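Here's the structure, in structure tokens; my notes come after.
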2 protein chains.
Amino acid sequence: MTTRRVNLNTESVDNYLKAIFALGGPEEERVSSTALADRLGVAPASITNMLQKLAAAPVPLVEYESRRGVRLSTAGRRRALEILRHHRLLETFLYEVLGYPIEEVHAEAERLEHFISERFEERIDAKLGRPKFDPHGHCIPALNGKMSKQTSRPLSDIEEDGEFVVDSISDRDSVLLKRLNVHGITPGVRLRVLMSSRGEFVLRASGRFKSLQLSLSDAGAVRIRSIG
Amino acid sequence: MTTRRVNLNTESVDNYLKAIFALGGPEEERVSSTALADRLGVAPASITNMLQKLAAAPVPLVEYESRRGVRLSTAGRRRALEILRHHRLLETFLYEVLGYPIEEVHAEAERLEHFISERFEERIDAKLGRPKFDPHGHCIPALNGKMSKQTSRPLSDIEEDGEFVVDSISDRDSVLLKRLNVHGITPGVRLRVLMSSRGEFVLRASGRFKSLQLSLSDAGAVRIRSIG
DNA sequence: GGACCATTTTAGGTGTACCTAAATATTTAG
DNA sequence: CTAAATATTTAGGTACACCTAAAATGGTCC
């Protein structure tokens with residue numbers, strides 16, 4: 001029986017790689033099955049299955065030891081960054097060229113990222129003038145897979161009142177995204193932050209009158225950096 | 001045992017409906033399994049399977065009697081036209097906005113047509129100024145599914161030398177499409193047609209020096225109308 | 001009008017990506 | 001250090017869209 005080779009160019013594989021990349025964080029730590037199951041909305045058993053497949057490929061996309069979590073191989077990271085590049089270029093394109101509302105770009109990009117060709121990628125990149133950031137403030141990986149490191153930290157890490165610049169905003173919760181947008185909280189904006197009593201954050205964008213209160217978990221969706 | 005309901009919102013179903021629509025022609029004649037198998041590059045047995053499923057749905061997408069061929073139901077036709085609209089809007093968009101070479105728009109549109117949202121459709125339609133024709137000269141179905149009738153005929157039907165206007169060109173053969181394009185044979189262009197000896201067609205676009213010889217089957221890909 | 005041929009359908013299988021339930025390993029808590 | 005709780009894997013199934021091989025049907029030709 002020859003080892004039968006499986007097809008790893010599927011939407012599903014894309015999504016697993018993206019999730020592992022996202023959950024691994026900047027240090028690319030090992031990611032647990034449960035965390036993946038949670039993120040992908042899939043039963044833990046399905047995760048095990050897929051990870052075994054990804055690890056057993058002729059060119060493995062992940063390093064996986066049973067019960068020890070998983071992390072991307074070089075090939076897997078390359079693929080993940082390629083998809084992330086598609087995603088962020090698409091978001092930028094939908095926002096800039098097609099005039100999408102900011103809170104809708106993510107869902108559309110999430111579907112299309114798996115199906116656009118290299119040519120499509122190239123054409124929108126050119127049309128947008130080779131952008132470095134998407135409309136949420138996230139860095140767009142370069143063609144060669146290089147991506148600059150984050151110098152920002154989550155708003156939820158702040159412990160004292162202060163003024164900051166909005167670095168980026170997670171695109172995963174469209175309701176929150178819209179709420180932030182309505183209050184002028186968008187990448188690059190100057191932000192006054194007050195810690196309220198019970199671990200809530202009170203924000204006001206520069207030039208705005210209305211403040212906005214955010215829960216700790218919602219504050220995790222906003223990344224900030226120091227002014228300057 | 002309750003009748004278990006199946007999911008009919010798949011790329012595959014889209015492709016079957018498109019194929020039935022295309023093969024049925026303007027009269028929407030019944031289409032045979034073999035013709036579909038051929039067009040979709042799928043075994044005849046698979047066709048039977050899918051047609052049974054499409055016909056058995058709570059809202060049937062086709063009318064199907066065993067061994068008598070198939071045709072679209074009202075719901076099926078609506079879906080087919082929706083996808084055709086996506087396809088042609090995408091082609092126009094790729095050509096006009098992203099500057100794709102004409103012979104590449106089809107393949108990309110064919111993949112993306114299944115995944116774009118209503119919003120995407122609306123936005124590109126608006127951006128293009130609500131176009132009525134795609135870059136191959138094909139009519140883009142309106143949102144309500146209306147599509148004007150063809151007044152053109154295939155070049156392959158011509159029996160005597162003459163001058164015509166190019167109406168449209170099939171996008172299915174990208175090599176031919178490119179060849180025609182290079183010779184200036186594009187929708188709206190005035191065309192001189194000479195019948196050569198063995199059922200071949202010799203074409204020259206107005207203002208061009210070089211002629212082009214086309215086989216009968218290739219000539220079937222070009223539709224023409226009378227001058228005026 | 002019956003035999004042959006092409007078309008179509010039935011029957012039974014494959015690979016992908018899921019699922020649930022049960023078994024097993026690991027971590028944590030007392 | 002062991003027992004309970006938690007995390008993970010194995011085992012066995014499902015739906016989808018294909019496949020091949022074999023059976024059934026239908027049209028045509030003498």
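The values are calculated or read from the model by the stated rules, or taken from the named source; none is laboratory data. Everything quoted here is computed from the prediction, not taken from an experiment. With ideal geometry, Cβ positions are generated from the backbone for all residues, glycine too; neighbour counts draw on all protein chains shown. The protein model used for the area step is the full one, side chains on, heavy atoms only, and it has no ligands, DNA or RNA in it. Shrake-Rupley method; radii C 1.70, N 1.55, O 1.52, S 1.80 Å.
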* To do: Name the residue, out of A:Phe133, A:Phe120, A:Phe115, that is among the hydrophobic types (A, V, I, L, M, F, W, C) and open to solvent by 50 Å² or more (accessible area, probe 1.4 Å).
  => A:Phe133
* Where a residue in the range A:4-16 is modelled with pLDDT of 95 or more and its partner, wherever it lies, is surrounded by 13 or more Cβ atoms within 10 Å (Cβ to Cβ) and in a helix (DSSP H, G or I), with Cβ under 6 Å and at least six apart -> A:Asp14/A:Ile83; A:Tyr16/A:Met50
* Residue among A:Val182, A:Val202 that is hydrophobic (A, V, I, L, M, F, W, C) and surrounded by 14 or more Cβ atoms within 10 Å (Cβ to Cβ) -> A:Val202
* Structure fact -> Filtering the range A:28-56 down to residues that are assigned to a loop (DSSP other than H, G, I, E, B) and under 15 Å from the mean Cα position of the chain (by Cα) yields A:Glu28
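How many of the residues making up the range A:57-79 are in a helix (DSSP H, G or I) and either within 11 Å of DNA strand C (Cβ to nearest atom) or in contact with a strand residue (DSSP E or B) (Cβ under 6 Å, 6 or more places away or on another chain) (or both)? So that I can check it myself, show each step before the final result.
First, pick out the residues of the range A:57-79 that are in a helix (DSSP H, G or I): A:74-79.
Imposing the further condition that a residue be either within 11 Å of DNA strand C (Cβ to nearest atom) or in contact with a strand residue (DSSP E or B) (Cβ under 6 Å, 6 or more places away or on another chain) (or both) reduces the set to A:76.
Total satisfying the criteria: 1.
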* **Pairs where the first residue, in the range B:40-59, is more than 14 Å from every other protein chain (Cβ to nearest Cβ) and of a type in the set (S, T, N, Q) and the second is open to solvent by less than 70 Å² (accessible area, probe 1.4 Å) and more than 6 Å from DNA strand D (Cβ to nearest atom), C-beta under 8 Å, 6+ apart** => B:Ser46/B:Ala37; B:Thr48/B:Ser33; B:Gln52/B:Tyr64
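Each row is one residue, and each column tells you yes or no for (1) assigned to a loop (DSSP other than H, G, I, E, B); (2) on the phi > 0 side of the Ramachandran plot; (3) touching a Gly at 6+ places or on another chain (Cβ under 8 Å).
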{"position": "A:Leu180", "(1), (2), (3)": "no, no, no"}
{"position": "A:Gly199", "(1), (2), (3)": "yes, yes, no"}
{"position": "A:Gly207", "(1), (2), (3)": "yes, yes, yes"}
{"position": "A:Asp218", "(1), (2), (3)": "no, no, no"}
{"position": "A:Arg225", "(1), (2), (3)": "no, no, no"}
* **Top-ranked residue of the range B:13-43 - restricted to ones that are loosely packed, with under 15 Cβ neighbours inside 10 Å and near DNA strand D (Cβ under 7 Å from one of its atoms), ranked as nearest to B:Ala57 (Cα to Cα)** => B:Ala43
* Mind counting the residues in the range A:101-115 that are at the interface with chain B (Cβ under 7 Å from one of its Cβ atoms) and in a loop (DSSP other than H, G, I, E, B)? => 1
